[in-house]
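The numbers here are math on the coordinates, done by the rules we state, and not lab data. Everything numeric in this text was worked out from a predicted model, so none of it was measured. Cβ placement follows ideal geometry from the backbone for every residue including glycine, while neighbour counts extend to all protein chains displayed.
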Amino acid sequence: MIRFSADSIEMPALDERKVTRWIRAVAADYGFSVGNINYIFCSDERELAVNREFLGHDYYTDVITFDYTTQSTLNGDIFISLDTVRSNAEMVGVPFEHELLRIIIHGVLHLTGQGDKTPETKAQMTEKEEKALAKLH
């Protein structure tokens, strides 16, 4: 089950059925089924608190993925800062909705094992995000 919720922030406008089908399709592309994925949309301050408390990082970020995947079933909690998504969208000149969908699938790609810590893996992540986004549109 894929759940979308908002933590002390207004829920973004999403076609949850369409996005859920898309997430399942992308997961299947990588040989996974979807178990329980919880998306928690929040503010920068909440994201920073999660980053500090659970990861020991003292910086803002757009997405934090907690991976509970078992074998070929994706499970996880994905925190998304709508504040950072909005500012990133403005910075790169894309609509907020596009950037939000990119970050939504970014979390799923992390659950499939894709990293983004090196320039090479970051480039691979971006390529996979674009491929997934093309599948939605």
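A few points about this structure:
- Of the strands (runs of 3 or more DSSP E) contained entirely in the range 1-74, those carrying at least 1 residues that are in contact (Cβ under 8 Å) with a residue 24 or more places away in the chain and more than 25 Å from Pro95 (Cβ to Cβ) fall at 33-42, 63-67.
- All conditions but one from (1) within 18 Å of Gly113 (Cα to Cα); (2) surrounded by 16 or more Cβ atoms within 10 Å (Cβ to Cβ) apply to Phe41; the one that does not is (1).
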